[in-house]
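> Below are the structure tokens for one structure; questions will follow.
The values are calculated or read from the model by the stated rules, or taken from the named source; none is laboratory data. Given the structure is predicted, the values throughout are model-derived calculations rather than measurements. Every residue, glycine among them, receives a Cβ derived from its backbone with ideal geometry; neighbour counts consider all protein chains shown.
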Amino acid sequence: MSSTPQNRLRTRLKKVLKVLLILYVMIGTSLYFFQEKLLFLPTVLEADYEYQFEHPFEEIFLKPADNVSINAIHFKTENPKGVILYFHGNAGDLSRWGTITEFFVKKDYDVFIMDYRIYGKSTGKLSEQAFYEDAQFCYDYLLEHYAENDITLYGRSLGTGIAAYLASKNEPKQLILETPYFSILDVAKHRFPIFPVELLLKYTFPTNEFIVDVSCPITMFHGTDDSVVPYVSAEKLKAVAPAKNTMFITIEGGSHNNLIDFEEYRMGIESVLR
């Protein structure tokens with residue numbers, strides 16, 4: 001007995017659904033097991049690599065824990081207005097980010113910037129808690145050299161969650177966030193809406209939970225055309241931040257890596273670092 005068109009259609013649909021289910025499981029499994037490779041994009045530097053920057057700097061190695069080495073660059077000006085503790089994004093290393101932060105050195109600020117574990121010359125086992133602990137270790141290091149009300153915390157992209165965490169646990173002069181997110185979980189839900197990412201993610205960086213405990217002034221910069229961290233994620237963060245302490249600066253047409261090209265950003269930075 002030959003199959004009917006309806007039976008053939010049902011058979012094809014079952015095959016298609018089976019393939020889709022297999023793909024769904026495979027992608028979900030990859031999100032869980034390879035999330036560090038998706039979220040963190042470090043470049044590694046040789047131990048003898050020599051940094052070259054326009055401004056005077058000191059290269060530092062800190063030891064926050066056994067089998068951990070945190071490489072950092074400390075830019076120093078003659079008469080600093082203060083110091084900026086800068087937490088960079090998820091890609092690259094200090095050879096790139098050091099050059100980026102010289103923008104602030106030109107404004108007469110000392111700058112201290114670290115490479116996370118597995119980035120550049122830094123070593124150690126990665127975990128979300130490690131990000132926070134290493135950041136606090138760097139903050140404590142600066143407290144040996146600066147008054148706390150001279151420390152500005154600056155986070156960019158991935159680093160915004162880390163900077164917000166530090167600000168919630170300490171009393172810095174101010175907190176500046178460039179392209180911040182509500183949480184990494186929120187960004188993941190936006191990017192992978194059909195997957196139960198709340199069950200898959202090992203890293204959540206809940207900036208929304210940290211920001212409510214920040215007592216210092218907060219300034220956020222975000223571009224409307226950001227395709228990495230959606231503008232709406234930053235708006236959600238603004239909504240839960242302490243209203244009296246928070247300034248949110250929208251960069252119309254700004255994307256994830258070009259806010260410095262916009263006058264609104266440069267004017268905003270001039271204002272908060274004056």
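> Looking at the stretch 193-206, can you tell me whether even one residue there is among the polar types (S, T, N, Q) and at pLDDT 95 or above? Outline the logic, then answer.
Initial filter on the stretch 193-206 (among the polar types (S, T, N, Q)): 204.
With at pLDDT 95 or above added as a condition, the list becomes none.
No, because not a single residue in the stretch 193-206 is among the polar types (S, T, N, Q) and at pLDDT 95 or above.
> Pairs only if they're at least six apart or on different chains, beta carbon under 9 angstrom, first in the stretch 100-116 and farther than 19 Å from Gln174 by Cβ, second among the hydrophobic types (A, V, I, L, M, F, W, C) and at pLDDT below 95; list them, first residue then second.
From the stretch 100-116, the pairs are Tyr116/Phe40; Tyr116/Leu126.
> Does the stretch 65-79 include one or more residues that are within 16 Å of Gly120 (Cβ to Cβ) and acidic (Asp, Glu)?
No: zero hits.
> Of everything in the stretch 142-189, what is under 13 Å from the mean Cα position of the chain (by Cα) and small (Gly, Ala, Ser)? Give them in sequence order.
Within the stretch 142-189, Gly155, Ser157, Gly159, Gly161, Ala163, Ala164, Ser183 meet the criteria.
> Identify, from the list Val229, Val272, the residue that is of a type outside the set (Asp, Glu) and closer than 25 Å to Lys189 by Cβ. Before the answer, list the steps.
On the way: Val272 fails: closer than 25 Å to Lys189 by Cβ.
Of Val229, Val272, the one residue that is of a type outside the set (Asp, Glu) and closer than 25 Å to Lys189 by Cβ is Val229.
> Right, another one. Considering Glu78, Glu59, Glu46, Glu50, which residue is exposed (fewer than 15 other Cβ atoms within 10 Å of the Cβ) and within 18 Å of Lys106 (Cβ to Cβ)?
Details: Glu59 fails: within 18 Å of Lys106 (Cβ to Cβ); Glu46 fails: within 18 Å of Lys106 (Cβ to Cβ); Glu50 fails: within 18 Å of Lys106 (Cβ to Cβ).
Of Glu78, Glu59, Glu46, Glu50, the one residue that is exposed (fewer than 15 other Cβ atoms within 10 Å of the Cβ) and within 18 Å of Lys106 (Cβ to Cβ) is Glu78.
> Moving on to the next point. Hey, any hits in the stretch 88-96 for a residue that's farther than 23 Å from Glu171 by Cβ, free of Cβ contacts under 8 Å to residues at least 40 places away in the same chain and surrounded by 16 or more Cβ atoms within 10 Å (Cβ to Cβ)?
no
> A follow-up question, please. Which strands (runs of 3 or more DSSP E) sit wholly inside the stretch 44-143 and have at least 3 residues that are modelled with pLDDT of 95 or more and more than 23 Å from Ser183 (Cα to Cα)? I'd like the intermediate steps shown before the answer.
Values: elements: 57-62, 70-75, 83-87, 110-114.
Answer list for the stretch 44-143: 57-62, 70-75, 110-114.
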